[in-house]
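So the structure is just underneath, and the comments pick up after that.
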Amino acid sequence: MTSALIGWPLLPLPGDDGGLAWPDLARSVRDGLRLILSTRPGEQLMRPEFGGGLDRLLHQPNTIATRREMRDLVRDSLARWERRILLDAVEVWEVPGEPGQVRVEIAYRLARTGEPGAMNVTVDLEG
């Protein structure tokens with residue numbers, strides 16, 4: 001079996017049997033989280049406020065203050081744009097040996113089922 005492709009506008013393409021392989025809730029939420037964090041506000045035409053706003057922190061020093069601001073941006077944007085989760089924790093850490101990078105760790109539960117989820121993202125502050 002081949003991996004499922006995604007068609008435009010982000011719809012699954014029919015498989016060999018003609019059926020559609022829709023993503024499950026957990027995968028859809030993870031994809032939504034990545035989309036929020038990777039989108040700059042103003043980038044989407046019909047939703048100009050949508051996005052995480054992490055681009056504002058590019059070229060900022062990797063300090064406790066910057067990491068706290070990033071934590072707050074992530075927490076606020078996920079609370080605003082991803083209502084399918086209950087956010088448990090957002091932590092932002094230095095990446096050992098990489099002074100220009102931080103690691104964002106997100107812990108959440110699916111609101112519908114209570115199933116726990118986690119996602120980690122590395123952000124390059126140097127752009």
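Before moving on, here are some points about what is shown:
- Meets criteria (assigned to a loop (DSSP other than H, G, I, E, B), over 14 Å from the mean Cα position of the chain (by Cα), farther than 17 Å from Met119 by Cβ and among the charged types (D, E, K, R)) for Glu49: yes
- Scanning region 14-55 for residues that are touching a residue at least 12 places away in the same chain (Cβ under 8 Å), out of contact with any Lys or Arg (no Cβ under 6 Å at 6 or more places or on another chain) and among the hydrophobic types (A, V, I, L, M, F, W, C) yields a total of 8.
- Inclusion of Gly42 among residues that are within 20 Å of the chain's Cα centre (by Cα), at pLDDT 90 or above and assigned to a loop (DSSP other than H, G, I, E, B) is warranted.
- Near pairs, Cβ below 9 angstrom, 6+ apart or cross-chain, from region 75-88 (more than 16 Å from Arg34 (Cβ to Cβ) and without any contact (Cβ under 8 Å) to a residue 40 or more places away in the chain) to any residue that is aromatic (Phe, Trp, Tyr) and assigned to a strand (DSSP E or B): Leu86/Tyr108; Asp88/Tyr108
- All told, Glu91 falls short of being charged (D, E, K, R), within 18 Å of Gly117 (Cβ to Cβ) and in contact with a Gly (Cβ under 6 Å, 6 or more places away or on another chain).
- Of the numbered criteria (1) polar (S, T, N, Q); (2) closer than 13 Å to Asn62 by Cα; (3) within 16 Å of the chain's Cα centre (by Cα), the one Gln101 fails is (3).
- Region 95-120, subset of a type in the set (A, V, I, L, M, F, W, C) and in a strand (DSSP E or B), residue surrounded by the fewest Cβ atoms within 10 Å (Cβ to Cβ): Ala118
The values are calculated or read from the model by the stated rules, or taken from the named source; none is laboratory data. Predicted model only: the values in this text are computed from it and were never measured. Positions of Cβ are backbone-derived with ideal geometry, glycine not excepted, and every protein chain shown enters the neighbour counts.
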